[in-house]
Amino acid sequence: MAASMTDSEIVRRSCPICEACCGLRVEVDRATGAIGRIEGDPDDHRSRGYLCPKAYGMKAVYEDPDRIRRPLRKRPDGSWEEIGWQEALDYAGERLNAIREAHGTPAVGVFVGEPTGHDVGALLYTTLFMQSFLSPRLFSSATMDQFPKNVTLTRMYGDGEMYVVPDLSRTDLFICMGGNPLASQGSLMGTPNAKGAISGIRERGGRVVVIDPRRTETAAVADEHHFIKPGADAFLLAAMCQVFFAEELVALGRFAAFTDGVDEVRALVEPFTPEAVSDVCGIPAETIRALAREYATTPRAALYGRIGTCTQRFGTLASWLLDVAAILTGHFDEPGCMMFPRPATGDTEPGRQPPPLPVGLYKTAARELPLVDGQLPAGAMAEEIEAASAGEGRMRALVTVAGNPVLSAPNGDRLARATDELDFMLSVDIYLNETTSHADLILPTRVHAERANYDLVYTRTTSRNYARYSPRVVEPDPDLLDHWQVLLELTARLQAKTPDEVDATYVDELIEKVTAPGTPCEGVSREVILDAIGDEVGPMRILDLLLRSGPYGDRFAAEGEGLSLASIIAADGPVDLGPLEPRLPQALKTPDGRVPLAHDYIVTDVSRLRAALDESADPDELLLVGRRQVRNMNSWLHNARLLAKGRNRCTLLVSNEDAARFGLETGGKARIGSRSGELDVEVEVSDEMMPGVVSLPHGFGHDRAGSKLGVASVLQPGVNANQLTDELPLDVPSGTHIANGIPIRITAL
Ligand SMILES: Nc1nc2c(c(=O)[nH]1)N[C@H]1C(S)=C(S)[C@@H](COP(=O)(O)OP(=O)(O)OC[C@H]3O[C@@H](n4cnc5c(=O)[nH]c(N)nc54)[C@H](O)[C@@H]3O)O[C@H]1N2
Ligand SMILES: Nc1nc2c(c(=O)[nH]1)N[C@H]1C(S)=C(S)[C@@H](COP(=O)(O)OP(=O)(O)OC[C@H]3O[C@@H](n4cnc5c(=O)[nH]c(N)nc54)[C@H](O)[C@@H]3O)O[C@H]1N2
Ligand code: SF4
Ligand SMILES: [Mo]
């Protein structure tokens, strides 16, 4: 493994920035601890040498002088002082306990952000932390992301985390709705080199169709692209289903044996003929019919929807109808279609899912919004904090873990202002930014290069099963704690126990789960398991426990075949666990082991869809959608100079027609406003945009006072698109916000 320099070494690991988890070769100088070149790993069977510019982010963040390296406490005058870990953790524990005792558990709220998904320690111990104080005020980036999917998966298959992904390497028709994998590298479709995978479909003689209000980078490599009006996907999908019934294209195949509700679905979609939805979608009826026929009659076809189909007014119905269309036509859980990965940690094995929580067990104080499957809408945080909205039952403490809701959640200004009313705010984060600058205490953590990892979430969303351990690249800063340590220490303080006691209970509960009756490890004793996984507190022995009891595990046999932490460490790269295979009905966790195609909770919302068919749009309004760009990662990678340099990327794309109508030109400025805010933006006229729709990326707005983002604030300040995202309207069943299809007004400046 020797590289060019004498004491430099190559570490093979997966990239911790996006869902693709590409294999990297990272050069590190052992003598100085410096990170050198980062290259794609040609020996990684998943990514085969591919990487994107963001891979450099791991080095950039590690080296960033703006990164927080010691706990910071805010002084009464608003300035910050560094304090020791013991003092910081005790202070956090005391404040959270005091608020909880005085005002009850719901007085403390938590917001969990996206980067927790890229650290196994953060994932396992954030779960523990949240379980430990049982506050119902749980918020996360999910309600600005895939939550409609989770809600649908829970209802239909009994497991909200059992994602269904397109089997890209075997499909002959890929229909991509509301996703732009060429920029995002694909989400819920774990495929490094998305461009290669999509082009590969065409090279095999297959076809790619993109449905998006913008002619995206993905559309540019597709065979066909159709503009769709934002928020109209549920209409289009309902119409496709109507065609399947009307033209006798329904073919349930083996699903007939375990699927209920087909006739109910037939009745529900009946009014949504292609002619009836054509205007509201902005797609000719004949195009819809042709698409439905092509999909139904192509044996290996994958109908995929992402952000644009989730964070919109009918996110749950669109997510549901994507699956309904697939099931009705035999394109579900079959090779080349939409399929379920089988993670090695056993997360989606029968028996592993906690029983679903009744919806509405808790209702927010301000708007009485129900807690849905353990989440409240992220945009409701501000009103829950404000005494004027939430009164006595208000949220008085907020903990953010790797989240930046002032930029990522609706109406960031309102949230930023509301934080002044909090009695205490704690942020577990690596930057002093738009959100954490409002905290009373910031607890930093080690960063990606300093920690070992396992792609826990992304083996649930991969297009080919794998397991991978990634070693840390550099020795960690001894004065920094890891995510899991911070969260375990906090949990211990909330439970008045030692961290070791908390961890032992956590492990015991997991042991009980993996040895439950009917599971492959039923009958393996606690002693055997503890002996096998060792006594080192932390995420790695838990990972070992999950792997060994998982579907490919060694089941704790001393000399057994099968996966364990030791075996994946020894592999020094991804372990290939084969192509996705059909998993239903065995993997179903619904109460009766069947698929309720017309689940009551979801289909109740069809009346809202029907009512919307008759709505007419305000001709002076445009609809705002988002977009992702290769060199951004939500809000947190703009402080990496190499990635941030170049022209302003936070531009508003406007169609030629709208530019002419509103007197706008490229390089000029426009003022755009919604119910929740107003922004001045740079305009970029583009024939990529559907007339009536404009596009602005999120994650910018780095010029707020109080942040310490020396590069981002100068090179890519941009504006906060979520100032225009209204916190009030929701995708009703899931409580997800509408970040795509925001009605706005525009004027040239
Ligand atoms: N308008 C609009 N809004 C959107 C979206 C959209 O498409 N349009 N997309 C939504 C989606 S999909 C998502 S996932 C959310 C993301 O929402 P968030 O998770 O709230 O936002 P991020 O920008 O990812 O910010 C992550 C935070 O984690 C910190 N961080 C980064 N790495 C680490 C680490 O290793 N450890 C710790 N402790 N902290 C770290 C960063 O400093 C930052 O404060 O945004 C959502 N918001
Ligand atoms: N480079 C980069 N990669 C990322 C991220 C990043 O910030 N930067 N973020 C990561 C995260 S957290 C996530 S969740 C994923 C998201 O991954 P994707 O879902 O692929 O994200 P986007 O590129 O935002 O694509 C959303 C598309 O939906 C379209 N759209 C908007 N409204 C509608 C609508 O109503 N209907 C339809 N059909 N389309 C619509 C938009 O024009 C846009 O092209 O990306 C991940 N990867
Ligand atoms: S595509 Fe994603 S995982 Fe691959 S190198 Fe880029 S940021 Fe990393
Ligand atoms: Mo996301």
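Summary of values
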{"item": "Cα centroid separation - region 478-518 against region 212-255, whole Å", "result": "45"}
{"item": "Surface share of carbon and sulfur [accessible, 1.4 angstrom probe, percent] for region 617-748", "result": "53"}
{"item": "Region 645-705 - accessible surface per residue (Å², probe 1.4 Å)", "result": "43"}
{"item": "Share, in percent, of DSSP beta bridges within region 617-748 that are antiparallel, nearest 5", "result": "70"}
{"item": "Fully extended contour minus Cα-Cα distance, from Arg647 to Arg70, at 0.36 nm per residue", "result": "204.4 nm"}
{"item": "Thr604/Glu81 FRET efficiency (R0 51 Å; Cβ-Cβ; nearest 0.05)", "result": "0.45"}
{"item": "Cα gyration tensor shape of region 617-748, rounded if a/c is under 1.5, else prolate or oblate by comparing a/b with b/c", "result": "oblate"}
{"item": "Mean residue ellipticity (222 nm) of the chain, computed from DSSP H runs ≥ 4 via -39,500 (n - 2.57), nearest 500", "result": "-8500 deg cm²/dmol"}
{"item": "Residue (of Thr216, Pro585, Asn453) at the positive-pole extreme of the chain, dipole from beta-carbon charges", "result": "Thr216"}
{"item": "Surrounding net charge for Ala60, when Lys and Arg each add one and Asp and Glu each subtract one, Cβ distance under 13 Å", "result": "+3"}
{"item": "Near-label residues of region 556-572 by backbone N, under 18 Å of a point 7 Å along Cα→Cβ of Glu509", "result": "none"}
{"item": "Thr105/Asp477 FRET efficiency (R0 45 Å; Cβ-Cβ; nearest 0.05)", "result": "0.85"}
{"item": "Cleavage-rule hits, GluC sites (Glu not before Pro), region 491-583, DSSP coil, Cβ neighbours within 10 Å at most 16", "result": "Glu522, Glu536, Glu559, Glu561"}
{"item": "Proximal lysines relative to Lys513, as straight alpha-carbon distance under 16 Å, when same-chain residues fewer than 8 apart are discounted", "result": "Lys589"}
{"item": "Translational diffusion coefficient (Stokes-Einstein; Kirkwood radius from C-alpha pairs) of region 100-150 at 20 °C, 1.002 mPa s, in µm²/s", "result": "178"}
{"item": "9 Å beta-carbon shell around His225, net charge (K/R +1, D/E -1)", "result": "-2"}
{"item": "J(HN,Hα) series, region 241-246, from Karplus relation 6.51 cos²θ - 1.76 cosθ + 1.60, nearest Hz, glycine and proline x", "result": "5, 4, 5, 4, 5, 5"}
{"item": "Low-density loop cleavage sites - trypsin sites (Lys or Arg not before Pro) in region 1-91, where at most 11 other Cβ are within 10 Å (DSSP)", "result": "none"}
{"item": "Whole-Hz ³J(HN,Hα) from phi, Karplus 6.51 cos²θ - 1.76 cosθ + 1.60, for region 674-679, glycine and proline x", "result": "10, 4, 9, x, 9, 9"}
{"item": "Whole-number percent relative contact order across the chain, with pairs defined as alpha carbons under 8 Å at least 6 apart", "result": "19"}
{"item": "Label point distance in nm, Ala516-Asp43, each placed 7 Å from Cα along Cα→Cβ", "result": "4.0"}
{"item": "Magnitude of the charge dipole, region 617-748, Cβ model with Lys/Arg +1 and Asp/Glu -1, debye to 20", "result": "820"}
{"item": "Proximal charge balance of Val575 [Cβ under 12 Å; K/R count +1, D/E count -1]", "result": "-1"}
{"item": "Of all accessible heavy-atom area on region 239-327, the percent that carbon and sulfur account for (1.4 Å)", "result": "53"}
{"item": "Sequence-separation-based contact order of region 367-453, relative, with Cα cut under 8 Å and 6+ spacing, percent", "result": "24"}
{"item": "Added length on full extension, which subtracts the Cα-Cα distance from 0.36 nm per residue, Leu613 to Phe258", "result": "124.5 nm"}
{"item": "Accessible surface of region 496-591 [probe 1.4 Å, protein heavy atoms]: carbon and sulfur percent", "result": "52"}
{"item": "Potential lengthening between Ala267 and Ala705 on full extension [0.36 nm per residue; Cα-Cα distance subtracted]", "result": "152.2 nm"}
{"item": "The chain - share of DSSP beta bridges that are antiparallel (%, nearest 5)", "result": "50"}
{"item": "Among Gln716, Gly735, Val681 the positive-end extreme of the charge dipole of region 617-748 (Cβ point charges)", "result": "Gln716"}
{"item": "Loop sites in region 245-321: GluC sites (Glu not before Pro), DSSP, at most 16 other Cβ within 10 Å", "result": "Glu247, Glu248"}
{"item": "Region 376-445 versus region 53-97: alpha-carbon centroid distance in Å", "result": "16"}
{"item": "Cα Rg over Rh - region 284-408, Kirkwood", "result": "1.09"}
{"item": "Positive-end residue of Leu622, Asn634, Thr725, charge dipole of region 617-748 with Cβ unit charges", "result": "Asn634"}
{"item": "Relative contact order of region 617-748, defined on C-alpha pairs under 8 angstrom at six or more residues apart (%)", "result": "37"}
{"item": "Net dipole in debye of the chain [+1 Lys, Arg Cβ; -1 Asp, Glu Cβ; about Cα centre; nearest 20]", "result": "1020"}
{"item": "Computed FRET value (nearest 0.05) for Ala290 with Ala98, which takes r as the C-beta separation and R₀ as 60 Å", "result": "0.40"}
{"item": "Fraction in percent of alpha-carbon pairs per bin - 20 Å, the chain", "result": "17, 53, 29, 1"}
{"item": "5 angstrom amide H check on Asp260, placed H, neighbours 5+ away", "result": "Val595, Leu597"}
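The values are calculated or read from the model by the stated rules, or taken from the named source; none is laboratory data. What you see is a predicted model, and the numbers here were worked out from it, not measured in a lab. With ideal geometry, Cβ positions are generated from the backbone for all residues, glycine too; neighbour counts draw on all protein chains shown. Only protein heavy atoms, including side chains, enter the accessible area calculation; ligands, DNA and RNA are left aside. Shrake-Rupley method; radii C 1.70, N 1.55, O 1.52, S 1.80 Å.
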